Amino acid sequence: MSAALLIEDLVKKFGTGRPAVDGVSFDVPAGEIVVLLGPSGCGKTTTLRCVAGLEHPTGGRISIAGRVVSEPERGLLVSPRERDIGMVFQSYAVWPHMTVRQNVAYPLKHRRKANGDINAKVRETLELVGLGDYAERPVTSLSGGQMQRVALARSLVYRPQLLLLDEPLSNLDAKLRVHLRDELRRILKQTGMTGLYVTHDQTEAVVLGDRIGVMRNGKLLQMAPPGEIYNRPADAFVANFTGASNVLLGKVLGRTGETATIDLGAAGRIEAWTPQPLSAGDTARVALRAENVRLGERGDRNVFSGRVLECRYQGMQTVYDLDLGGQRLEALELGTAARHHANGDIALTLPPETCWAYRDDGHAAD
Ligand SMILES: Nc1ncnc2c1ncn2[C@@H]1O[C@H](COP(=O)(O)OP(=O)(O)OP(=O)(O)O)[C@@H](O)[C@H]1O
């Protein structure tokens with residue numbers, strides 16, 4: 001079966017500078033949710049707008065359900081309304097003069113569906129998004145979260161081939177955002193909808209995405225299931241952007257398969273997983289998460305001796321600043337008691353599978 005969405009070597013230039021989207025390729029199989037994640041300006045919204053037909057790509061090819069909708073090299077560009085897509089944006093984009101039911105019924109009326117069919121589909125979709133009891137309310141009497149549910153229902157009601165969502169939760173307050181985020185995954189999975197979702201929020205990406213594509217400077221750095229992005233980041237930027245804030249600098253001594261041995265200077269040697277072809281003599285950055293530092297533990301490998309410089313008790317967790325042979329390391333321990341104290345020497349283990357080595361390209365963690 002063909003992918004619901006196929007993007008091949010997509011390029012979008014706005015002016016003469018670096019392209020906003022720079023050779024991006026990926027697919028979204030039917031029923032899957034792919035999240036594009038990255039910092040502001042990385043090109044994720046432009047990618048989504050090219051899929052929607054709201055931007056005209058400069059190069060590459062986009063196909064929806066096996067049909068090419070954009071291929072500038074052949075002068076081919078299908079208009080947004082002919083792409084069979086649904087869209088949900090940051091702004092609620094509901095029709096203020098209509099009731100909830102009228103808003104959700106509109107796309108079906110526009111498609112000239114029979115009245116009985118419309119009523120049944122609207123009822124079913126309002127139930128799905130949790131607004132079954134709100135059908136006759138004026139849409140403007142609803143809260144922001146409810147209005148976004150209306151916008152979602154309006155996009156789902158005609159079962160498009162593909163649903164595009166651009167930061168749909170970012171205008172909601174924190175509590176509602178978390179609630180609707182969890183709901184959204186349930187709703188999309190229940191309908192079997194294929195989705196492309198854009199966000200800069202890592203947790204949102206992890207909760208919603210079957211796969212996450214991390215973007216930077218117009219390029220797709222890694223496309224993988226959330227567990228792989230979090231445990232096997234393809235490069236130092238992905239590691240840092242998804243929360244591996246510790247970076248230790250060293251020189252590569254050697255590499256066996258995917259394990260590199262790195263000299264950290266005064267701290268000693270570390271073994272780390274690497275996805276890159278590092279070789280002896282390369283300068284490397286070793287990235288690791290604060291929560292993967294095993295304080296007070298002596299494991300089989302990567303055992304170090306450090307010094308606690310500062311201890312910040314935060315109630316549910318404690319953050320420790322450590323000195324490791326002249327390099328800084330942050331450690332995080334969950335629990336309501338701080339188990340270690342400042343100015344003490346401490347043994348610690350950095351499990352090799354949680355230490356990731358990358359070539360030092362000078363700007364990996366910016
Ligand atoms: N209409 C436009 N004209 C000129 N440049 C644009 C236009 N739209 C986007 N850009 C530029 O393209 C690049 C990518 O922007 P894009 O909005 O896709 O990024 P983003 O990752 O979605 O960021 P954000 O989360 O801030 O929307 C940025 O440098 C942006 O300034």
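Cβ-Cβ distances below 7 Å connect the following pairs, each with a first residue in region 37-55 that is farther than 22 Å from GLN161 by Cα, a second residue that is assigned to a loop (DSSP other than H, G, I, E, B) and more than 8 Å from the ligand (Cβ to nearest atom), and a separation of six or more residues or different chains: CYS42/ASN217. GLU136 - would you say it is outside any helix (DSSP H, G or I), more than 22 Å from PRO80 (Cβ to Cβ) and modelled with pLDDT of 90 or more? Here the answer is yes, as GLU136 does meet what is asked. Against the conditions (1) under 22 Å from the mean Cα position of the chain (by Cα); (2) of a type outside the set (Val, Ile, Thr); (3) closer than 16 Å to LEU220 by Cβ; (4) surrounded by 15 or more Cβ atoms within 10 Å (Cβ to Cβ), GLY41 satisfies every one except (4).
Can you find a residue in region 144-164 that is surrounded by fewer than 21 Cβ atoms within 10 Å (Cβ to Cβ) and either outside the structural domain of THR191 (by TED's automatic domain parsing) or over 31 Å from the mean Cα position of the chain (by Cα) (or both)? Scanning region 144-164 turns up no residue that is surrounded by fewer than 21 Cβ atoms within 10 Å (Cβ to Cβ) and either outside the structural domain of THR191 (by TED's automatic domain parsing) or over 31 Å from the mean Cα position of the chain (by Cα) (or both). When the test is whether a residue is of a type outside the set (A, V, I, L, M, F, W, C) and surrounded by 18 or more Cβ atoms within 10 Å (Cβ to Cβ), GLY53 passes it. Determine, yes or no, whether ASP235 is surrounded by fewer than 18 Cβ atoms within 10 Å (Cβ to Cβ) and either in contact (Cβ under 8 Å) with a residue 24 or more places away in the chain or not hydroxyl-bearing (Ser, Thr, Tyr) (or both). Criteria not met by ASP235. Annotation: of all residues in region 273-316 being of a type in the set (Gly, Ala, Ser) and touching an Asp or Glu at 6+ places or on another chain (Cβ under 7 Å), the one that is surrounded by the most Cβ atoms within 10 Å (Cβ to Cβ) is ALA284.
Return yes or no: is GLY43 in contact with an Asp or Glu (Cβ under 8 Å, 6 or more places away or on another chain), within 16 Å of the ligand (Cβ to nearest atom) and not polar (S, T, N, Q)?
yes
Each residue in region 105-133 was checked for being of a type outside the set (D, E, K, R) and either part of a loop (DSSP other than H, G, I, E, B) or touching a strand residue (DSSP E or B) at 6+ places or on another chain (Cβ under 8 Å) (or both), and 4 pass.
Selection of region 54-92 for residues being more than 27 Å from VAL104 (Cα to Cα), under 27 Å from the mean Cα position of the chain (by Cα) and among the small types (Gly, Ala, Ser) yields GLY59, GLY60, SER63, GLY66, SER70.
The values are calculated or read from the model by the stated rules, or taken from the named source; none is laboratory data. On a predicted model such as this, the values are computed, not experimentally measured, just so you know. So basically every Cβ, Gly included, is an ideal-geometry build from the backbone, and we count neighbours across all protein chains shown.
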